[in-house]
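Comments concern the structure below.
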Amino acid sequence: MRLESKVKLNVRGKVFGGEKNLACIPMIPATREALIEETKMVVELKPDVIEWRVDYFEKAADAEYVKESLEAIAPYVEEIPVIFTFRHACEGGAKEYPQDVRLATIKAALSTGHADIVDIEACNDKEFIEAVKAAVKEAGSRLILSFHNFKETPSEEFIYEKLKEERDLGADIPKLAVMPQNFNDVLTLMRATYRARTEAVDLPLITMSMGEIGKISRVIGDLYGSDMSFVVGKAASAPGQIPVAVVNELWKLLA
């Protein structure tokens with residue numbers, strides 16, 4: 001039943017593209033104190049993966065402070081993989097930052113050894129992507145290249161080609177999130193992901209249809225080729241996310 005990827009990525013014992021769909025809880029704290037408290041709470045929910053959206057952090061531009069903050073939560077996270085995301089404002093980031101600031105913060109996070117995966121947008125200029133790729137490789141981490149459209153769902157062909165483009169740009173995990181206007185848009189996302197999985201992209205994939213209409217895509221990724229779902233811990237980082245306990249129960253019923 002599970003549509004696995006040909007290439008599987010093992011990150012701290014969690015297999016992307018393997019037998020199990022993974023549940024990731026995003027965290028969007030503003031301060032170090034809030035980050036530590038939220039991490040403690042999220043770990044109790046036993047997610048497969050944790051994402052830190054550092055663009056919501058008040059001191060996101062202070063690379064050394066971010067580095068120290070990531071080190072501060074490491075004892076609580078233990079072996080749960082951490083996705084470090086400094087989202088660009090043009091694709092849903094909380095605030096706009098210069099590219100050199102984003103790059104410095106990402107490099108600082110990678111230097112800790114606790115940023116297991118870094119997520120950046122495929123729309124970044126080539127120089128930025130190559131710099132992040134080099135830093136990720138040096139740290140022994142993994143790279144997500146992502147695309148977000150919070151207004152609409154592009155065509156099936158666009159989604160299919162975008163996932164291939166992210167692969168060609170050097171992603172370890174291509175990612176795409178789009179907003180449906182109707183359920184046919186959700187099916188478009190699923191068909192495109194299925195095509196990419198079965199015809200073109202051997203890597204693990206993360207795709208989702210956002211909002212209330214798209215919720216089903218976060219539950220049945222097993223069927224169409226998406227390998228991880230973003231679920232709610234304390235607060236949602238994108239529309240349509242479902243509480244982790246609900247998702248895990250649904251996955252058990254569908255297994």
### Message
Can you go through GLU19, GLU33, GLU38 and tell me which one is modelled with pLDDT of 95 or more, among the acidic types (Asp, Glu) and either part of a loop (DSSP other than H, G, I, E, B) or buried (at least 17 other Cβ atoms within 10 Å of the Cβ) (or both)?
### Response
GLU38
### Test for ALA196: is it surrounded by fewer than 24 Cβ atoms within 10 Å (Cβ to Cβ), among the small types (Gly, Ala, Ser) and either assigned to a helix (DSSP H, G or I) or touching a residue at least 12 places away in the same chain (Cβ under 8 Å) (or both)
no
### Summary
When the range 46-62 is checked residue by residue, the ones that are under 17 Å from ALA74 (Cβ atoms) and of a type in the set (A, V, I, L, M, F, W, C) are VAL49, ILE50, TRP52, VAL54, PHE57
## Note on the structure
Of (1) outside any helix (DSSP H, G or I); (2) over 26 Å from PHE128 (Cβ atoms), ARG87 fails just (2)
### Message
Which count do you get for residues in the range 66-87 that are over 17 Å from PRO29 (Cα atoms) and surrounded by 14 or more Cβ atoms within 10 Å (Cβ to Cβ)?
### Response
2
### Message
With the structure loaded, tell me whether GLY13 is in contact (Cβ under 8 Å) with a residue 60 or more places away in the chain, closer than 24 Å to LEU254 by Cα and touching a Ser or Thr at 6+ places or on another chain (Cβ under 7 Å) or whether it fails that test.
### Response
no
### Query
If a residue has to be in a helix (DSSP H, G or I) and modelled with pLDDT of 95 or more to count, how many in the range 218-255 make the cut?
1
### Query
Out of the range 81-93, which residues are in contact with a Lys or Arg (Cβ under 7 Å, 6 or more places away or on another chain) and not hydroxyl-bearing (Ser, Thr, Tyr)?
PRO81, PHE86, ARG87, ALA89, GLY93
### Count of residues meeting criterion [surrounded by fewer than 16 Cβ atoms within 10 Å (Cβ to Cβ) and either polar (S, T, N, Q) or touching a residue at least 24 places away in the same chain (Cβ under 8 Å) (or both)] in the range 94-110
3
### Residues (crowded, with 16+ Cβ neighbours inside 10 Å, part of a loop (DSSP other than H, G, I, E, B) and touching a residue at least 60 places away in the same chain (Cβ under 8 Å)) located in the range 140-178
ASP172
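Condition check ((1) touching a Phe, Trp or Tyr at 6+ places or on another chain (Cβ under 8 Å); (2) of a type in the set (Ser, Thr, Tyr)) across all residues:
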position	(1), (2)
GLU121	yes, no
ASN124	no, no
GLU127	no, no
GLU130	no, no
ALA134	no, no
ALA139	no, no
SER146	no, yes
PHE158	no, no
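The values are calculated or read from the model by the stated rules, or taken from the named source; none is laboratory data. Keep in mind it's a predicted model, so treat the numbers as computed, not measured. Because the Cβ atoms are built from the backbone with ideal geometry, glycine has one as well, and the counts that use them run over all protein chains shown.
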